[in-house]
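This report refers to the structure that appears directly beneath it.
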Amino acid sequence: MEFNINNLVRENVKSMKPYSSARDEFEDFDTAEMIFLDANENPFENGVNRYPDPQQSNVKKVLAKQKNVKTSQILLGNGSDEVLDLILRAFCEPKVDNVITLPPTYGMYGVLANINAVENREVLLSEDFQPQVEQILEAIDKNTKIIFLCSPNNPTANSFSDKSVVYLLQNFKGLVVIDEAYIDFSKKQSWMNELDEYPNLIITQTLSKAYGLAGIRLGICYASAAIISVLNKIKPPYNVNELTQIRALERLSVPEKIKWEIASIIEQREELLKVLVNIKFVKKIYPTEANFILIKVDDANKRYAELIAKGIVIRNRTTQPLCENTLRLTIGIGQENKKLIEALLAIS
């Protein structure tokens, strides 16, 4: 399939000249001897009196090395939500274009589409939570710009079949965004290995889940250099603050610790799965490749309230499509999971 990114970019974005900040014009942030009088900053040093690197160069260098991509293929955002918003704003004309989402899935795709006045065409997943490819293709028209795939999916915890994803990448002329927020907990390989194969592929990841940095809000976009260039054109100049960049670099410097934590979470997940099969009110346990488990129970509202009463906060997903009477259980540390198990057994 012949793919030209310029056919998808909004006309006003093509023609716009991006804002150039003081730190864009002088990019050498490691020159200690330089006197910076260019950005109207407070000159009294306190660690954060200077504007941060607008391109987050040091963080990108580390990620590029760890993920085996080029820095030109990375965009960082104030959480994945900003990354997703930038994608919508760059490629979708308000009140003209549309996107496709696959409920039940991450709710912000639809919220962001609505904020940007972009039609969200929902195509339900199948009963086993897989994309219904034929129905997706039927929903596509000349104004469909993006298909959002969350894999592993939230709240269902399963990954989408490679066959379905490849088919969409090969047969859809727009962008396919694969949200891999939970990929570190899956045995499946990241789709990042296919970036050079599919020019219409965008992958989003985050430091909020496996990396344990939800509080610093750092989302990551991996795509072709051409797509990243478009997104850089419209992103705010200082969208990732200095403290976030510092904490990200600290965390990325201890990959073995991160691997240990991921392994611990997976181990705890497997232990919880063993217990859930013996809980009488649990009617179904869905396969999981994430740091959470989706279960179907006899009465989700009742069981949710009972767990709250015992000091356990989970997520009631019963209002989501195909998720009637389901609860989503995040995997905690051993002590937390022990208390969850005790509470489940007590109300069973």
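Here is how the numbers come out for the structure above:
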| quantity | calculated |
| --- | --- |
| Residue 93/residue 258 FRET efficiency (R0 35 Å; Cβ-Cβ; nearest 0.05) | 0.30 |
| Proximal lysines relative to residue 235, as straight alpha-carbon distance under 28 Å, when same-chain residues fewer than 8 apart are discounted | 14, 17, 60, 61, 65, 67, 70, 95, 142, 145, 173, 209 |
| Inter-site label distance for residue 163 and residue 138 at 7 Å from Cα along Cβ, in nm | 2.0 nm |
| Zone residues, region 310-348, relative to residue 301, backbone N less than 14 Å from point 7 Å out along Cα-to-Cβ | 316-320, 324-326 |
| Residue among 41, 306, 324 with the largest mean-square fluctuation in a Gaussian network model of the chain, springs linking Cα atoms under 10 Å | 41 |
| From the coordinates shown, semi-axes √(5λ) of the Cα gyration tensor in Å corresponds to which of [x] 37, 27, 17; [y] 31, 23, 18; [z] 38, 21, 18 | [x] |
| Hits among aspartates and glutamates - C-alpha to C-alpha of residue 283 under 13 Å, sequence gap 8 or more where chains match | 298, 299, 324 |
| Using θ = phi - 60° and Karplus 6.51 cos²θ - 1.76 cosθ + 1.60, couplings along region 161-169 (whole Hz; Gly, Pro as x) | 5, 4, 4, 5, 5, 4, 4, 5, 4 |
| Local net charge near residue 315, Cβ-Cβ under 13 Å (Lys/Arg +1, Asp/Glu -1) | +3 |
| Total formal charge among the other residues, if their Cβ is under 15 angstrom from that of residue 48, Lys/Arg +1 and Asp/Glu -1 | -1 |
| In degrees, nearest ten, helix 255-276 long axis to first principal axis of the chain (Cα) | 20 degrees |
| Cβ-Cβ FRET estimate between residue 243 and residue 318, R0 fixed at 41 Å, reported to 0.05 | 0.60 |
| Two-site FRET efficiency, residue 21 against residue 345, from Cβ-Cβ distance with R₀ of 51 Å, rounded to 0.05 | 0.35 |
| Region 308-324 - phi-based ³J(HN,Hα) in whole Hz, Karplus 6.51/-1.76/1.60, Gly and Pro as x | 4, 4, 9, x, 10, 9, 10, 10, 8, 9, 5, 7, 7, x, 6, 10, 4 |
| Net charge dipole size for the chain [Lys, Arg +1 and Asp, Glu -1 on Cβ; Debye, nearest 20] | 880 debye |
| GNM result for the chain, Cα springs below 10 Å: residue of 57, 253, 80 fluctuating most strongly | 253 |
| Residue exposure sequence - 51, 222 - by fewest surrounding Cβ within 10 Å | 51, 222 |
| Long-range HN-HN contacts of residue 100 with modeled amide H, under 5 Å | 121, 146, 147, 148 |
| Zone residues, region 286-303, relative to residue 310, backbone N less than 14 Å from point 7 Å out along Cα-to-Cβ | 302-303 |
| Built amide H within the under 5 Å cut-off of residue 126, gap 5+ | 132 |
| For region 59-86 versus region 219-277, the gap between their alpha-carbon centres in whole angstrom | 10 Å |
| Under Karplus coefficients 6.51, -1.76 and 1.60, residue-wise ³J(HN,Hα) of region 66-80 in Hz, glycine/proline x | 6, 9, 6, 10, 8, 4, 6, 9, 10, 10, 10, x, 6, x, 5 |
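Where a number appears in this text, it was derived from the coordinates with a stated rule and is not lab data. All of these numbers come straight from a predicted model, not from anything done at the bench. Note that each Cβ is placed from the backbone with ideal geometry, even for glycine, and that neighbours are counted across all protein chains shown.
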